[in-house]
Structures are given as C-alpha cells and as structure tokens.
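Structure record follows, encoded as structure tokens.
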Amino acid sequence: MEASLLIAQSLFKQNKYQETIDTCKKLLAEDNNSIEPIKLIAKSFFAINEIDDAHFYLNKALKIKPDDYEVIKDLGNIFHATKDISTAKKYYEKAIAINNNYAPALTNLGSIELNMGNKEEALSLLVKATECDTKLGPAWSNLGNVYIALDKEEEAEISLRKAIELNPKLFKSHFQLATILIKQKKLQEAEHSLSQSIELEPDFSNAHLSLGKVLRDLGRLKEAETSCLKAIELKSNLFNSHYLLAQILLEQQLPEKLPKAEVSIRKVIELQPDFSNGHLILGVILNNLGKSKEAEISTRRAIEINPDLAKAYFNLGNILIDLGKLQEAETSLRKAISFNPSADTYFAYANCLFEMKQFESSIENLYKARELVDDKSLLKLLIKVSKVLIESYQRPLTKLNKIYKRSKLFDKRIDRIIINRDVEDTLISHLYTIKTNQLDNTKDSRYGNGECSDFNLFDDTSHIISKLSNDIEDICKNELGLNQIFYCDSFFNIFISGSGQPPHFHIKMQDKNFNLSSKKYSLVYYLDIGDQDCEAPGILRLHEPDEDILPKKGMIIIIGAERFHSVIYRGNKKRVMVGVNFYGF
C-alpha cells in the first residue's frame, strides 16, 4: 500500500489528477479509512475544479481525523474558491489554532486580510509564514503583494524574486514583479517579466495589457498594438485596453490606423460615457480624419465634462482655426494659455493670430514660445521657420510675387525632381559607425530586419556629414528656387531583404500651423542600391499620381512632403539611403 501511495503522490505532483484519483480509490478499496489517499483525492478534485467532490472527501477525512490542520486548511480553500470568505477565514484560523506555525494557512489567511484592506495584519501573518517555511513560494508571493500595497518597493521586489526562485511557474509573481520594474523605469526587465507571465498563463489579459503599455513606452508601437488586441480578445469590455489601443493607433500617425483608432475610442466612451479624455482623443482622431465639425462637438463635450481640461481648450482652438472660426479659436487658445502657458500653447496662439493677419502679435507670441523650449526641440525649429514665413508675408507685394513665381515652378502635389550626386565611399563607411536601431523597433511604419539612425543625422559634426548636409542644401536651393531651407529630419536606412515601408507621407500635425505643409519637402538619396536582380528591387513608388522609380547609385529624388510614397525590398545585399525632410522658402 505504501508503494501505491508514493505512486499516487508522484502522479499528483505531475498534475495527473484523474490518475491520482483512480490510484487512490484502489487504495481505499483495501482500507476505506486510510486518510492520506482521501486527502489526495480531495486535492485532485479541487485541482480540476470539482468543488463538491472535493468537499465530500475533505469532510470524510475530517471525520477520521478531526484535528488534521491540513484538511481544515483545505476546507478553507473550498470556501475561499466559492467566495465564502468569512467561512474560509474561520477554517484558516482553526488550522492555525491547532498549529500556529502552519505556513500554508498563515499564507492564505494573510491573503484574505490583504484583500480586506488589513495590510498590517496581513504583513504580520505573511512574514511569519515565510519564517515558518522559507521555501513556500506562495507565502513569498503574497508577502510581495503586501509590500506593494504598503509602497515598499524594495522589499516587494526581494519577496517576489524569492517567490520566483522557489517556484518559477508563479505567473502572478512575474506580473507583480513587472509592475515594480515599471515604476522603477526598468522597462526591458519589465518586458521580460511580463513575457514570462504570459508564457505561463497565455490567457492572462492584464499581463497582455501591461506588456502593451511597456512596449508603447519603449517606442515599439506595432508590438504594443498586438498586445492590446490580445488583451481585448481575452476581455472585450476592458476599458483600459481599448483606451491604450486608441492612443497607440493614433501615435503611429498612419492614415489607415485612424478609423481603427476611432472604433477603439468610441468603445471607451461606450464603457465610460463621462470619461473626458475619451471625448478629447475622439476629437483628435476626427480632426485627423478631416471631420472637423464632429471633432469640435467631441472636444466641447470633453470640456463640458471637465472644464479644467487644458488640453481640450488647446485642441478646440486648433480645430476652430481649421473651421475658420478665428475669434472663437483665439478665445479658446487664450483659455489654454491661462491653464498652461507652454511653448505649444503660445505657438498655436501665434498661428491663430497669423491666420487673423495680426502678424506683429503673432511674432510676439512666437518669441514667448521660443523662451519656453530647449535648444534641440523641434518646436524651436518650427518657431524659427514660422517667423521667416510671417516676415515673408510682411514684405512688399512685388517681392512676394517674385517668391511665389519661383515656387510655382514646382507643383508639390504631382512633381518630383531627380538629380545625381556622386557617392563617396567614406560616406557609406562612416554611416556604418553610427549607432542604429532595428526597423521593427521604430515608432513609424518601417519594418523588417534592417537598421536606421535617429532623425538627427546632420547633427553629426564629422567632415563627411557636414559636406553632405551643405551639398543637399545647395542642391535644394538651386533645384527648387529657394532662398532658405530648414532641416527637420535627417536619417539613414539600411534595408535588408524583407524590409520596407507602406504608403506614407511626412506631414505632421504641427505642419498645419502657419500653412507650413505647403513649404515642406522630402528628399531621398541612394548611396547603395543593393541587389536589384530580385522580385522587389526597392522601387520607390510615388502615389497619386502613381509612378515607379528604380533607384540608381547617387540618385536624389525630391517630392512634396504631402505626397504618399512606399517601398519594398527583397534583395540579398544591403540597400543604403539617406532621407531628409525640410522646409523651404
């Protein structure tokens, strides 16, 4: 009989619960009052959620041995599982009264006390549980939860890491550890912990949601979107999942994502109709979709719900400018400044004054905005560019006509310029020394196993990059008839087979101000065309009107920044190009 009991215990440890039950029932056929097989049967039924059968066998065990604290604790587990917390608590207390060092009962009672808000009582019980049994993983896990509730992050991290060391399959411990690591800004470690939690429990929706948040903060928006969608698949009415998904879709700045973002944020509003930020973001999405009147209604609703929502007045002001309601826009932006006198609000207000042809006042507010930005801020560049644009409007009409006459030579909607510049070998070799990121880890729509730089390539002070920057400036001025250009993005891509980018353009939200979009251009310069003897040789496809251009080494192509373009590359060699976005006057 002893050998058969050992077999049953081994089967239970292997999670083979039905086999455990069958083995133990054979043992009971020999001795109907043998308590260990009865306890194993009860535990097995509990493990497969057959609560009534588990309850039956535990009561049978208790009749045989009324002071068996393990059985009493397991009865507590039965009531705990059926949400009868008060009865569960009584059984745990009874087990502890028989053996005050019984760690499993101390652990479970500590968990109840924590859920009831009795943090100090829970702490006392769980500390004792870990002292009584230093190898009980759930005790350390629950102790970590208490420390989290008490805002003792260091102690919580130690406890949770101990729990995971003892039992790596505690998926909730991995999840709780991730929450601490997120607070500590250790996002890479948090991502690993959340991935572990999901691997152990694939249907744990909160882990997918938290992973989506971490991936968003890491700038990996495509992966973040996937995690949010999984969280929603598991729990379709989870408010936070829909809200996060809407933000991620919006932040990708891709036109094809906007309808999906609208669906997500409308679900948020359906779940919480008085959530002001939901209406605010819906307004942003609708405005991006060109539905300015609907955007105005949504944004005003956000203000109605929360009159102190500074961002809503800022957004409303910009929407009203689009609608031509300039006096109302001015009032709204003044309100935004009263709440938040930031560079962004002053810049938007200056744009409103520009549209009202109050050029001197517009420049004054640009100066106010400039005082509030750091030296490397994109906004500082926009302020400088906008000031140049305003000053051009203040010139005598004869000078302005000359400028317009020259700019009409290039229709940014349909034209493109193709020229050539010799490629220096030292330029390519220098680019390979610059730190890069994986294409799949970018916030934009580039994809594949290739690499790319940040958007400040021309900040590199090396001779070869300075020469490239100066040459491109001269080329753009000569070809487009410009007097001044201002770089806003400069970068390089190294495409490997499978890399590419779907249709996209380079107009951003801020380019609507001062009509900057009409002065913005995009340029691509091919340094190494890679392998063109393949199905997808890296053709630059321009859209509306459609045109396919097969790159050549040294080719420079200039288009209006609002023109959609795309590329797919499947060659066997690396393909290297430099990209530039700039404003020209």
* Structure fact -> Which of (i) 72, 51, 43; (ii) 109, 60, 38; (iii) 147, 75, 45 is the computed Cα extents along the principal axes in Å? It is (ii)
* Asked: What stretch of the chain, leaving out the sites themselves, is the longest with no GluC sites (Glu not before Pro) in a DSSP loop having at most 12 other Cβ atoms within 10 Å?
  -> 1-370
* How high is the relative contact order of the stretch 409-584, in percent, counting Cα pairs under 8 Å that sit 6 or more residues apart? -> 32 percent
* Calculated [θ] (222 nm, deg cm²/dmol) that DSSP helices of n ≥ 4 give over the chain, each run adding -39,500 (n - 2.57) -> -19000 deg cm²/dmol
* Förster radius 45 Å - calculated FRET efficiency between Asn478 and Ile297 (Cβ-Cβ, nearest 0.05) -> 0.40
* To do: Go through the stretch 455-464 residue by residue and turn each phi into a ³J(HN,Hα) via Karplus (6.51, -1.76, 1.60, θ = phi - 60°); whole Hz please, and just put x for glycine and proline.
  => 9, 10, 4, 6, 6, 4, 8, 5, 4, 5
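Rounding to the nearest 20 debye, state how big the charge dipole of the stretch 243-385 is about its Cα centre with +1 on each Lys and Arg Cβ and -1 on each Asp and Glu Cβ.
I would put it at about 160 debye.
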* To do: Give Lys83/Lys169; Lys257/Lys553; Lys213/Lys574; Lys162/Lys267; Lys293/Lys477; Lys83/Lys119 a once-over and call out the pairs whose C-alpha atoms are over 29 Å from each other.
  => Lys257/Lys553; Lys213/Lys574; Lys162/Lys267; Lys293/Lys477
* Radius ratio Rg over Rh of the stretch 409-584, counting only Cα atoms, Kirkwood formula for Rh -> 0.93
* To do: Any chance you could give the angle, 0 to 90 degrees and rounded to 10, that helix 137-149 forms with the longest Cα principal axis of the chain?
  => 50 degrees
* Against the longest principal axis of the chain, how steep is helix 326-339, in degrees 0 to 90 to the nearest 10, with axes from Cα atoms? -> 50 degrees
* Between helix 153-166 and the chain: long-axis angle, C-alpha atoms, 0 to 90°, nearest 10 -> 60 degrees
* Asked: For the stretch 409-584, what is the charge dipole size about the Cα centre, in debye to the nearest 20, if Lys and Arg each add +1 at the Cβ and Asp and Glu each add -1 at the Cβ?
  -> 300 debye
* To do: Putting +1 on Lys and Arg Cβ atoms and -1 on Asp and Glu Cβ atoms, find which of Gly584, Leu523, Leu540 reaches farthest to the positive end of the dipole of the stretch 409-584.
  => Gly584
* Structure fact -> If unit charges are put on Cβ atoms (+1 for Lys and Arg, -1 for Asp and Glu) and the dipole of the chain is taken about its Cα centre, the option from Ala302, Tyr432, Asn240 lying farthest towards the positive end turns out to be Ala302
* To do: Report the extension gain between Asp322 and Ser10 in nm, rounded to one decimal, defined as 0.36 nm multiplied by the number of residues separating them, less their alpha carbon distance.
  => 105.1 nm
* **Cα-centre dipole for the chain with unit charges at Cβ (Lys and Arg positive, Asp and Glu negative), debye to 20** => 1580 debye
* Extended-chain gain in nm, criterion 0.36 nm per residue less alpha-carbon gap, Glu155 and Thr331 -> 58.2 nm
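None of the figures in this text is laboratory data; all of them are computed from the coordinates on show. Fair warning: this is a prediction, and the values are worked out from it, not measured in the lab. Quick reminder, even Gly has a Cβ in these numbers, built from the backbone with ideal geometry, and neighbours come from all protein chains shown.
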